[in-house]
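Each remark here refers to the structure printed beneath this line.
The values are calculated or read from the model by the stated rules, or taken from the named source; none is laboratory data. Note that this is a predicted model, so its numbers are computed, not measured. Don't worry about glycine lacking a Cβ; one is built from the backbone with ideal geometry, like all the others, and counts go over all protein chains shown. These accessible areas exclude ligands, DNA and RNA; they are computed on the full protein's heavy atoms, side chains included. Shrake-Rupley method; radii C 1.70, N 1.55, O 1.52, S 1.80 Å.
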Amino acid sequence: MIQKECAFETLNVNPEEVYVEMGYGGALPDEQVVREVAWALEEVAQMTRPRFCYRVVKGVLDERPPRLWIGETCLEVGGVIARQLRGSEAFALFVATAGSEYDEWCKRQDDVLRAFVVSTIGSVVVERCADLMEKTLQGAIEKLGWLHTNRFSPGYCGWDVKGQHQLFSLLDPAPCGVTLTEGAMMHPVKSVSGVVGVGAAVRRHPYTCGLCNMENCYKRKP
């Protein structure tokens, strides 16, 4: 399994991206929010240890019913994801996290605005970490002439969040220090996991919200 810790500067997290994630769209927030975001980004750069890991495995994709078999383990990915993984020759199972240090820092914030800013930045950090995972994966598979699909996570596009348990069973214990609760929630909280299809005939496309009806998906844009 490939594992890597990411330097914060390689994630290219900027204030404008944080403002969008906070719900400001293209508008500039008031001065207090701007100050809080600037302060938090400086703090994050000093203390966070984002990291990712992935494992490329062979698998068999069924579309009726929609599921992905990795050995004897069945990932009930759902129809939307199964269609997007179509044509994959292998699958990258991954975890990315902002780290336990970030979770502990979030818990110490007792001001409502600051806690919201810190939580939002954590969400951006872990997504940028997962983006870096994709770039690293692409560099590893290019010699095979392969490309990769979008990444898909339990809890989205019809894949039940409980699928985290099956996914994690295919990785090393506590990958990147991430563990699961009985209800399949990840700890540290600012973590993501999922699957990416790889192969010569697959493509990565812009996230198309028309594929599913999940209104609160983090990929859905206003």
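Per the Kirkwood definition applied to all pairs of different Cα atoms, how many angstroms is the hydrodynamic radius of the chain? Final number for the Kirkwood radius of the chain is 18.2 Å.
The phi-based Karplus calculation (6.51 cos²θ - 1.76 cosθ + 1.60; θ = phi - 60°) puts the 3J(HN,Hα) values of segment 95-112 at 9, 9, 8, 6, x, 5, 4, 5, 4, 5, 5, 4, 5, 7, 8, 9, 8, 4 Hz, whole numbers, x for Gly and Pro.
Using 24 Å as the Cα-Cα cut-off, could you pick out the over-long pairs in LYS4/LYS143; LYS58/LYS190; LYS143/LYS190; LYS135/LYS162? Mind showing how you got there, number by number?
Numbers: LYS4/LYS143 20 Å; LYS58/LYS190 28 Å; LYS143/LYS190 32 Å; LYS135/LYS162 27 Å.
Violating the 24 Å Cα-Cα cut-off are LYS58/LYS190; LYS143/LYS190; LYS135/LYS162.
Amide H to amide H, with H built 1.01 Å from N, ALA90 comes under 5 Å of VAL198, counting only residues 5 or more places away or on other chains. For segment 99-157, the per residue solvent-accessible surface stands at 42 Å², with DNA, RNA and ligands left out and a 1.4 Å probe. Using a probe of 1.4 Å on the protein chains alone, the accessible area found for TRP146 is around 40 Å². Here the chain exposes an accessible surface that is 51 percent carbon and sulfur, computed with a 1.4 Å probe and the other protein chains kept in place.
Each label was represented as a point 7 Å from its Cα along the Cα-to-Cβ direction; for ILE2 and GLU42 these points are 3.6 nm apart.
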